[in-house]
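First the structure, in the form of structure tokens, and then the observations on it.
A short reminder: the numbers here are calculations on the coordinates, not readings from a lab. As the structure is a prediction and not an experimental result, all values here were calculated from the model. Don't worry about glycine lacking a Cβ; one is built from the backbone with ideal geometry, like all the others, and counts go over all protein chains shown.
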Amino acid sequence: MDNTNTIIDPSNPALNFISQTREKEEYKQEVGKKISSASIGRIISISSIKIEILLASSELSVHDVVCAKMSDGRIIEFEIEEIKGSTANAICFEMTNGLKRGMDLYKVDGGISAPFSDKILGHMFSSFGEPIDKSNVVIDERKNVYKSHLDLSDVTINGDIMWTGIKVLDFLAPMRKGFKMGLLGGAGVGKTVLIKELIHNVYTGLQSNSIFVGVGERSREGQELFQEMKEGDLLDKMSMVFGQMGESPTSRSKAIYTGLTLAEYLRDAKRQDVLVFIDNIYRYIQGSSEIYSELGYMSVENGYPSQMLSDIANIEERINSTETGSITSFQAIFIPADDVYDEAVRAISSHLDGQVVLDRKQAEKGFYPAIDVFKTTSKLIDIEVVGRKHYDLVKETLRYLSRYNELEEIIAVLGIEELSQEDQDIFYRSRKLLQYFTQPMFVAENYTGIKGQFVKIDDVLTDVEDILSGKYDDVDESRFAYIGAYKNR
Amino acid sequence: MANNVKDLVNERIKEIKRKDNVYTIGRVSKIQNYVLEVSGLDEACYFEKVRIGNDNIGYVAGITPNYLNIVIVKQRSTIHVGDEVVASGEEFTAQYSEASIGKIIDMFGTDKMKDMEFDNLVNLRLEEPVTPIMDRTAVCRPLHTGIAGIDLIYPIGKGQRQLIIGDKKTGKTQIALDTIASLANDNVICIYCAIGKTKKDVREIHYELARHGAMNNTVIMCALNDELTPVLSLTPYAALAVAEYYLKQAKDVVVVIDDLKRHADAYREITLMTDKAPGREAYPSDIFYTHARLLEKGCQHINGGSITILPIVETKTSDITDYISTNIISITDGQIVLNKKNFDKGQRPAIDYGLSVSRLGGAVQTKKMSHLGSNVRRQLLSYMEKRDVYELANKEEMSPEMRQLIEHGQTIIKCLNQYKFEAKNESEIISTFESLIGDK
């Protein structure tokens, strides 16, 4: 069996990972993962993340976890994705390098499970529910990450309105407890900064329990968030799950399940109002596309899997409020190739109650948050919820800005002097509005060099009303850039 | 001498063992360019190094119940159906020698100018797991490029991944070369990784760097245009493996990858050849992961070392929103966008200050630079936005405030102009711009 090993040179640095992974194995036994002693089947084919198994037992089902024991002591785990008679396809948690045909596989009890106890707070977990913050916290209570379902009667819909202190968000897209807010944007227009500002304003403001799920984003940002929370002494009410972009598609597509299981613990067992921050939910679909493509499933447009709609629905329907507690979620959504009509983006945004859309053109001009005012909406822009004044101001603002867009084109040809007085007013006031909607953010002090501001909604409404009514017609527009409320300028 | 004999004997014993082991021998059954189908070879591992015929090297890229897929990376002789394939028992790795510094090398540890292997080669795994979150620490030490527009406005820190993106002939490679040149005496190891460049390009880059005394701490690792496509697709991983080798010694490393668009195309070619399903623009669905796990190797490690990565991407018609570009932008910690129009107007470097981004901003600058930089940037962007809108407005009728702003913006642009290999240090940048900006 080990013929090939006889010619492996132990001093070969390519093999020096053995010692690290041995530790991992011991650790696994520590947290009580049970590995069956009898083989459940053998590997018959291998690709970069998928293996095919010739089954020796019929007791396996989809989502079961199996593992291979490597000759160097490593354990490589897989999740069963489909069973076809006597063979099964499974996907690897890490990489398949070093596996060979004919290797025995063993069942790991419990499938993918997440810790389900009070000890989750203050800690950071991998997509597979293992602590990765070097704290060595041992949590025995665990729950399978797929076992959760809400009935129609479980879901509640009402909640108090919630202010974020970000002017343009509160004004155009106000939210309430139990809300799903999407932050959509292409690459590098400020999604992550905005989500960090929301963590800063909402989490630290409300002191609610929170879960941060990092899906397919940068490890550096994970490190920064953990460090900032720790230094700010804010970690005690937050738990984090990371399946970042350098990790396998399996890790990236399972992080969200583990994160939601933690959130459900807080909602159902602890009866809390929970904030869930997901950066970035698009990467979940991306990860599962990679898996489905390896499994040989037919894809629809742009390589997305045909079951994308039901997959995303399964995830999103778990993010709901019940009688026991609420889940308010902020979900960053990456827009690939700046294509807002991307199928995956549309599939996710159909679940949202409100959305903030970030625009590259605004970012290019240095307007941050770089919001597209026309696409940024919320279900709550309704006279019954926010009141007539707020509603009318939003309507009037949008009227001004859409006229402004038309005028910009006219001016490019004719110049400003040719406009009617009314259009000139709209033009200059709109420019002031756009400048006013920028905001110095607490988490962006590094970029702007300006102190962050939390702005009350009443101040926003007053300022917008004053700009629209012409009160500030004599004030230069640059005075509105990067301020909080005008009176505190 | 005694050691030498011992090595020879050991080598011979290994060879005999290898020959006797029937399970590790297979036969080529199908040849499609650089992808082979091989029967037998039951004991081969996934990603194991194999020898085909006498002197061709490949690795196991897929195992099915009946045959193996082998991808060739080194071909010295013609391969025929029925040729013997021998498993090596080792993972496929890159080779590297510390003597490579100052040289042009490839991923197999060859000195390309002499066409000879280095002595003391070490094997480096191509796919180490990414550095875990807890082994990273904040990116906060500045990396001086000597270019005012970068150091002041969109700074790069040690451990940052900063994309350089723009059309052909806009000075992308030049920015990387300027950076390497300005780091010549900074105790930083630079790896310039050329993917699919012409031989002439590589010789020119070597000449330019040597001329500016920057080859003493630099390695040029190249996969030339006419090499096997799998080598093009693996070389950046080899470059990062070398970077990680130095990271373990707590050193600061800068890796330039020139360029990732070519790399994506090479990877696409291989996946289509091996029958993977095409996705957007016919790239496979794991193209994001391919680049993400490569660029995630950039980090500031807790041991004090760092890997800074400057990937380069070539665009068409100044469009940075195509699939590969947005993918890489979403991985890196910022981008320096070079604009063809700016280049044609004579602006050097042709940085588009509106579209460029640094996600770390002032965190990687000294306090003074950060304060000055954010002011310059704000004034510059506000000038550019107003310039676009008021282009046709009559200058005489503008408010004095506005007129001053426009003139001021033009001066800033002028001061940012800088020719190649004219590095400016921090105090020079500060003295130029402090008087210009004032303390606003």
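Hand me the chymotrypsin sites (Phe, Trp or Tyr not before Pro) from the stretch B:364-430 located in a DSSP loop with no more than 12 other Cβ atoms within 10 Å, in residue order please.
Those satisfying the criteria are B:Y419.
Work through the residues other than B:D344 whose Cβ is under 14 Å from its Cβ and net out their charges, Lys, Arg +1 and Asp, Glu -1.
The answer is +4.
Considering only DSSP beta bridges whose two residues both sit in the protein assembly as shown, what percent are antiparallel, to the nearest 5?
Here the share of antiparallel DSSP bridges comes out near 55 percent.
Over all directions, average the projected area of the Cα convex hull of the stretch B:95-368 and note it in nm².
Result: 14.3 nm².
Give me the dipole magnitude in Debye, nearest 20, for the stretch A:386-488 about the Cα centre, with unit charges on the beta carbon: positive for Lys and Arg, negative for Asp and Glu.
Dipole of the stretch A:386-488, to the nearest 20 debye: 580 debye.
Kirkwood hydrodynamic radius of the stretch B:302-363 from all distinct Cα pairs, in Å?
Final number for the Kirkwood radius of the stretch B:302-363 is 13.2 Å.
List the residues whose amide H sits under 5 Å from the amide H of B:R141, counting only those 5 or more places along or on another chain, with H placed 1.01 Å from N in the peptide plane.
Amide H to amide H, under 5 Å and 5 or more residues apart or across chains, B:R141 pairs with B:K158.
Could you order peptides B:96-107, A:56-67 by the average number of other Cβ atoms within 10 Å of their residues, highest first?
Result, highest mean Cβ count within 10 Å first: B:96-107, A:56-67.
Return the tail of the calculated pair distribution for the stretch A:96-182, meaning the percent of Cα-Cα pairs more than 19 Å apart.
Summing the P(r) tail past 19 Å for the stretch A:96-182 gives 67 percent.
Viscosity 0.692 mPa s, temperature 37 °C: what is the translational diffusion coefficient of chain A from Stokes-Einstein with a Kirkwood Rh over Cα pairs, rounded to a whole number of µm²/s?
Value of D from the Cα-based Kirkwood radius: 132 µm²/s.
Please determine, in degrees from 0 to 90 and to the nearest 10, the orientation of helix A:388-414 with respect to the longest principal axis defined by the Cα atoms of chain A, where the helix direction is its Cα long axis.
Taking the Cα atoms of chain A, the angle to A:388-414 is about 80 degrees.
Report, in debye and to the nearest 20, how large the dipole of chain A comes out about its Cα centre when Lys and Arg carry +1 and Asp and Glu carry -1 on their Cβ.
920
Taking the Cα centre of the protein assembly as shown as origin and charging only Cβ (+1 Lys, Arg; -1 Asp, Glu), how large is the dipole, in debye to the nearest 20?
Around 1360 debye, computed over the protein assembly as shown.
Averaging over all projection directions, find the projected area of the Cα convex hull of the stretch B:208-355 and quote it in nm² with one decimal place.
Value for the stretch B:208-355: 10.8 nm².
Which distance in Å, rounded to a whole number, links the C-alpha centroids of the stretch B:49-116 and the stretch A:358-398?
Here the answer is 58 Å between Cα centres.
Are there chymotrypsin sites (Phe, Trp or Tyr not before Pro) in the stretch A:298-359 that DSSP puts in a loop and that have at most 13 other Cβ atoms within 10 Å, and which ones?
Here the chymotrypsin sites (Phe, Trp or Tyr not before Pro) that fit, given the DSSP loop and packing criteria, are A:Y341.
Taking every DSSP beta bridge that has both residues in chain B, what percent is antiparallel when rounded to the nearest 5?
In chain B, approximately 60 percent of DSSP beta bridges are antiparallel ones.
First select every other residue whose beta carbon is under 10 angstrom from the beta carbon of A:F179; then total the charges, Lys and Arg +1, Asp and Glu -1.
Neighbourhood net charge equals +3.
If you average 1/r across every pair of different Cα atoms in the protein assembly as shown and take the reciprocal, what Kirkwood value do you get, in Å?
The Cα-based Kirkwood calculation yields 29.5 Å.
Tell me whether the stretch A:203-280 comes out rounded, prolate or oblate; compute the Cα gyration tensor, take square roots of the eigenvalues as a ≥ b ≥ c, and use a/c under 1.5 as the rounded threshold.
Oblate, because a/c is 1.5 or more while a/b does not exceed b/c.
Among the trypsin sites (Lys or Arg not before Pro) within the stretch A:128-200, which fall in a DSSP loop and have no more than 13 other Cβ atoms within 10 Å of their own Cβ?
Counting only loop positions with at most 13 other Cβ atoms within 10 Å, the trypsin sites (Lys or Arg not before Pro) in the stretch A:128-200 are A:K134, A:K147.
Quick one: check the C-alpha center-to-center distance for the stretch B:304-359 versus the stretch A:265-294, whole angstrom.
A separation of 31 Å, based on Cα centres.
Quick one: what does P(r) look like for the stretch A:380-477 with 10 Å bins over all Cα pairs, in whole %?
Spelled out per bin, shortest first, that is 14, 37, 31, 16, 1.
Mind checking B:272-278 for the average number of partner chain beta-carbons within 10 Å of each residue's beta-carbon?
Shielding by partners across B:272-278 averages 3.
From zero up to wherever the largest Cα-Cα distance of the stretch B:369-437 sits, split into 5 Å bins and tell me the percent of pairs in each.
3, 14, 25, 21, 15, 10, 7, 3, 0
Rounded to the nearest 5, what % of DSSP beta bridges with both residues in chain A are antiparallel?
55
Sorted from fewest to most neighbouring beta carbons within 10 Å, what does the list B:M273, A:M175 look like?
Fewest to most other Cβ atoms nearby, the residues stand as B:M273, A:M175.
Roughly speaking, what is the stretch gain from A:S420 to A:T87, that is 0.36 nm per residue apart minus the C-alpha to C-alpha distance, in nm to one decimal?
Full-extension gain reported as 112.3 nm.
Nearest 500 deg cm²/dmol is fine: what mean residue ellipticity at 222 nm does chain A get from its DSSP H runs of n ≥ 4 alone, each adding -39,500 (n - 2.57), divided by its residue count?
-9500 deg cm²/dmol, from helical runs alone.
Determine, for B:D252, A:D279, B:D83, the number of other Cβ atoms within 10 Å of each Cβ, and report the residues in order from fewest to most.
B:D83, B:D252, A:D279
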